[in-house]
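All of the numbers you see were taken from the coordinates with simple rules; none came from a lab. Here the structure is a predicted model, which is why all the values come from computation and not from measurement.
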């Protein structure tokens, strides 16, 4: 059985993934933004390996999340599930970043750098990533007029690209991106047409399955099927430019040792 950390596991896909994996007998570390939010986990927390607390909009709290996870022990897999959708305005984080970028991209990037390297990494992207701009000069939306949908689409382009970049740099890790589909969660809304179960079962399959089909890296997945991602995702030049920009914004270099 595997030891797996899931960000944003108080509701939606993250909670569904946690329940599914725990039912299979895996040791799950849950995550909540605050102690108040952690109360939503009362039903499953007694059988979880642990719960870590911290707001992914803050680099300081993201660091604390990583330290809490590392104190529990090395994970076999990390599912970067947490994310935010359409922010009405460019709300700034304590570090001065657009909240959409901070939660959807900077936090997973930092956790990847700070959590002891697992065997598998799963990053939640979206089909909307195909509408994201590949211009990296204003990824923090400090110059452009705020556009919530575009900011979300770009964040999902960046996270899919990060997954592919890690697959290229860390051949000993299975790193993949997942499009869960437009599913009826709090984020997706009750009218969302896609299959909620397949949304979270793709994550759990990539994180824990012993099936050879799941032991791959660099893929972009939808309902356990590999799909073609936007061209930028697999472009080494764009990958390198993106991680350089993320290093500039965070002060943390993911591949500092060349590995």
Top of 240, 137, 11 by mean-square fluctuation, Gaussian network on the chain, Cα under 10 Å
137
Between the range 13-84 and the range 103-154, how far is it from one alpha carbon centroid to the other, in angstrom?
20 Å
Which percentage, to the nearest 5, of the DSSP beta bridges contained in the range 3-250 is antiparallel?
10 percent
In whole Å, largest first, the alpha carbons of the chain cover along the principal axes 47, 40, 39
